[in-house]
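Worksheet for the structure shown next.
The values are calculated or read from the model by the stated rules, or taken from the named source; none is laboratory data. The structure displayed is predicted, hence computed values, not measured ones. Here the Cβ is made from the backbone with ideal geometry for all residues, glycine too, and neighbour counts use every protein chain on show. Note: areas computed on protein heavy atoms with side chains; ligands, DNA, RNA excluded. Shrake-Rupley method; radii C 1.70, N 1.55, O 1.52, S 1.80 Å.
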Amino acid sequence: TRLATLSWDGTTKLWRVPNGEIVRTIDVHAGGIATLAGPAGTLVAAVTEDGIARVIDATDGTTVRTVDLYTPSVRAAAMSPDGTYLASTGGDSSLRIWNIRDGSLAAAGDRLPASQRCCIFLPDSSALVSGGWDGTCRFFRMPDAVLLWTLSGHTSIVTCCTVSRDGTLLITGSNDTTVRLWRIAEEEA
């Protein structure tokens, strides 16, 4: 019923779906926003170009937590559906998992062979999926960010990814102009 958008002007907008009414405009950022994570419940996280994540309560627009993600080149961020974790991937091939409740670093993935461009949690928050510049998707166990398995098939950068509501399908898009649907096997998840 809600959609969150972000803009280079530093604002985050919350929209009511399907009528397109703007519910709230949040303007708490200095500089452009690099990526948006969430919503998870009432929480949305806006990440600015300088690597700062602001976790915002969408009901009143207050900043609940500010987290320094340790990299100014954040490519993507995702919030676990239960609102516990914030994942960030960087241009430096990093993957970091943050505990939203206290802002602490919960896990850091091994240095990945390629920079990651997108990421999303599975609906049950048991794993994180990322898509990279090498055309590969990687599944990481949560909350320790241990690599579980990879999916290869794109011939260029994986630019976006999402998971079906029931957690059985991964949908990815790539600069190779293809969209792929991957079946997520229960024994792998």
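Numbers below:
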| quantity | calculated |
| --- | --- |
| Residues whose placed amide H lies under 5 Å from that of A127, excluding near-sequence neighbours | L122, M142 |
| Linear extension gain, V179 paired with R16, 0.36 nm per residue minus alpha-carbon span | 55.9 nm |
| Overall form of region 1-110 per C-alpha gyration tensor (a/c, 1.5; a/b vs b/c) | prolate |
| Calculated Kirkwood radius over Cα pairs in Å (choose from [x] 20.8; [y] 17.5; [z] 16.6), label | [z] |
| G103 long-range amide H proximity, modeled H, under 5 Å | none |
| Euclidean distance of C-alpha centroids, region 48-62 and region 121-163, integer Å | 24 Å |
| Rg over Rh [alpha-carbon atoms, Kirkwood Rh] for region 96-167 | 0.97 |
| Student exercise, the chain dipole from Lys, Arg, Asp, Glu Cβ charges, in Debye to nearest 20 | 220 debye |
| Hz values of 3J(HN,Hα) by residue in region 79-88 - Karplus curve (6.51, -1.76, 1.60), Gly and Pro given as x | 10, 5, x, 7, x, 8, 10, 10, 9, 9 |
| Solvent-accessible surface (1.4 angstrom probe) belonging to W149, in square angstrom, nearest 10 | 40 Å² |
